[in-house]
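A short reminder: the numbers here are calculations on the coordinates, not readings from a lab. Since the structure is predicted, the reported quantities are computational estimates derived from the model, not experimental observations. Here the Cβ is made from the backbone with ideal geometry for all residues, glycine too, and neighbour counts use every protein chain on show.
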Amino acid sequence: MAVDEYGIPASGIVTSGTVADCSQAPLLMEDLEAEAFLADKAYDTNELLGMLKEADITAVIPPVKKRKEQRAYNHELYRARHVIENVFRALKRWRGIATRCAKLTASFIAARARRQDRSVAPLVETSTKPS
């Protein structure tokens, strides 16, 4: 799933549980405009790094320990990765996804749409107190 700087889902792909997330990253990035790509070590692949360099997008991905040539990354910007983690935390609040009972693609799409609606729509406070 790709999100913007506010945590609003921009795009997402639902795959089977055995597909590596890093293999889907190029598909997620096809029509996205971004200055930086923040991800964890699982996305440290030569293919993805090359694609980011070609698209002139800053890769903020810590290198895996087994990489022969350790590359630098922006530690301060990497701390902002909590935004995507918060999106997944919010999705997992939905019991069907957290317990993996929701197995249909439609369920995941609905949960993502629900998260997107919550992020975009302002919260309305209802009160029983007279004005």
Subject >> For V3, residues with placed amide H under 5 Å, excluding near neighbours >> reply: A10
Original post:
With each pseudo-label sitting 7 Å past Cα toward Cβ, what's the R93-D40 distance in nm, one decimal?
Top reply: 2.1 nm
